[in-house]
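Visitor: Just passing along the structure, written as structure tokens.
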Amino acid sequence: MIAEELLTLASDLLDAEYEGQGVEELLPRAGVVMKEVEYYMAAAARDARRRGRSWEDIARAACVSESTARTRWGESEVMRRIALRSLARQRARHAQTLPAAAPREAEPAFTSANRAARQLAQALANLHQASGLSIQEVADSTDLSRSYVSRILSLQRTPSWSVVCQLVEVFGEDPMALRAMWESANGLAAPPQDLLEANARLYAALQGLYLMAGRPEAARICELSGGDIDVETAERILDGGHVPTWEKTGRFVTAVGGCPADIRPLWEAVYTAFLNACDPEPTSRTDGARFDCEGLR
């Protein structure tokens, strides 16, 4: 039905608005909605005529003159419009079934971002479940629609950072635990500038994976790692500031369901920043950070 398609298009437009997309994306979507509204009005006028309503009734309902109504929504004109709509939809479906282009060199980055998007959705879903709130209650506590919240939690949409913050705050958690994961999902991760920032990014990434895994106990992480991570190490990693060897970091990431290749650059950034911070120049910054030198060798 045209009305159902119109609802989907309007929901997509609302989603794009929530995601903070630019006018280049919003206006074309709005144009598609307007075109579908025209199709709906034409079909509704035709159906009304077939049920015996007069042109006067239809013109009054549409706030147009009777002659305009006859011109726009006569039987032959409506059938022509519906046929054009059907043809356009067939072409769109055909375009979607065309063979995909061969993978390009950038494919690994896309895969990493896609994986991060799935992890973000799972982390949000876990937080939602732990909160005990219904989707409607979450929507009522934010400025988001129920359908949009549902699509985020089912991985149909990757939300903007402002939306992530709204959701996580409603769930009673700190949004920064998901910042690194959100940046990866959107390809926005930037190289850290110093030791503290590098450590903060790594900690946020590990915390995001921990939430994605459903916040398992340290003993469970030890079990999932096959004993390679002991309880004390797991607890210190989750407390932040402790950076073990890459072998243990990778084991931790695997134990909580993450991909070590996604975390390795963050760990290496901490390692590089640590070496730079060891420079005796007065400008070096190490204040406030707790690091295990053995873990960085």
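The values are calculated or read from the model by the stated rules, or taken from the named source; none is laboratory data. Because the structure is predicted, anything quoted here is derived from the model rather than measured. Ideal geometry is used to build each Cβ from the backbone, glycine not excepted, and the neighbour counts take in all protein chains shown. Side chains included, ligands, DNA and RNA excluded: accessible areas come from the protein's heavy atoms. Shrake-Rupley method; radii C 1.70, N 1.55, O 1.52, S 1.80 Å.
Visitor: When the range 153-178 is examined, which residues are found to be part of a helix (DSSP H, G or I) and polar (S, T, N, Q)? Reasoning before the result, please.
Guide: Our first condition is that a residue be part of a helix (DSSP H, G or I); within the range 153-178, this holds for 153, 161-170, 175-178.
Across the range 153-178, the qualifying residues are S162, Q166.
Visitor: Select from the range 126-142 the residues that are part of a loop (DSSP other than H, G, I, E, B) and open to solvent by less than 60 Å² (accessible area, probe 1.4 Å) and list them in ascending order.
Guide: Of everything in the range 126-142, those that are part of a loop (DSSP other than H, G, I, E, B) and open to solvent by less than 60 Å² (accessible area, probe 1.4 Å) turn out to be L133, S134, T142.
Visitor: Condition check: surrounded by 13 or more Cβ atoms within 10 Å (Cβ to Cβ), over 19 Å from E75 (Cα atoms) and free of Cβ contacts under 8 Å to residues at least 40 places away in the same chain. Does D12 satisfy that?
Guide: The answer is yes for D12.
Visitor: Residues that are open to solvent by 60 Å² or more (accessible area, probe 1.4 Å), at pLDDT below 85, within 25 Å of V170 (Cβ to Cβ) and within 19 Å of the chain's Cα centre (by Cα): does the range 105-124 have at least one?
Guide: no
Visitor: Does A45 fit the bill of being at pLDDT 90 or above and among the small types (G, A, S)?
Guide: Details: at pLDDT 90 or above: yes; among the small types (G, A, S): yes.
Yes: the conditions hold for A45.
Visitor: Checking E217 against (1) among the charged types (D, E, K, R); (2) out of contact with any helix residue (DSSP H, G or I) (no Cβ under 7 Å at 6 or more places or on another chain); (3) under 19 Å from A113 (Cβ atoms), only one condition comes out false. Which one?
Guide: (3)
Visitor: Within the range 154-180, restricting attention to residues that are of a type in the set (S, T, N, Q) and at pLDDT below 85, which residue is most open to solvent (accessible area, probe 1.4 Å)?
Guide: Per the criteria, the residue is Q156.
Visitor: Return the total of residues in the range 61-84 being more than 16 Å from E38 (Cβ to Cβ) and exposed (fewer than 13 other Cβ atoms within 10 Å of the Cβ).
Guide: Qualifying residue count for the region: 4.
Visitor: Further, regarding this structure: List every residue pair whose Cβ atoms sit under 6 Å apart, with the two residues 6 or more apart in sequence or on different chains, where the first one lies in the range 53-82 and is over 12 Å from M41 (Cα atoms) and the second, anywhere, is of a type in the set (F, W, Y) and at pLDDT 90 or above.
Guide: Once the first residue is over 12 Å from M41 (Cα atoms) and sits in the range 53-82, its partners that are of a type in the set (F, W, Y) and at pLDDT 90 or above give E66/W55; R70/W55.
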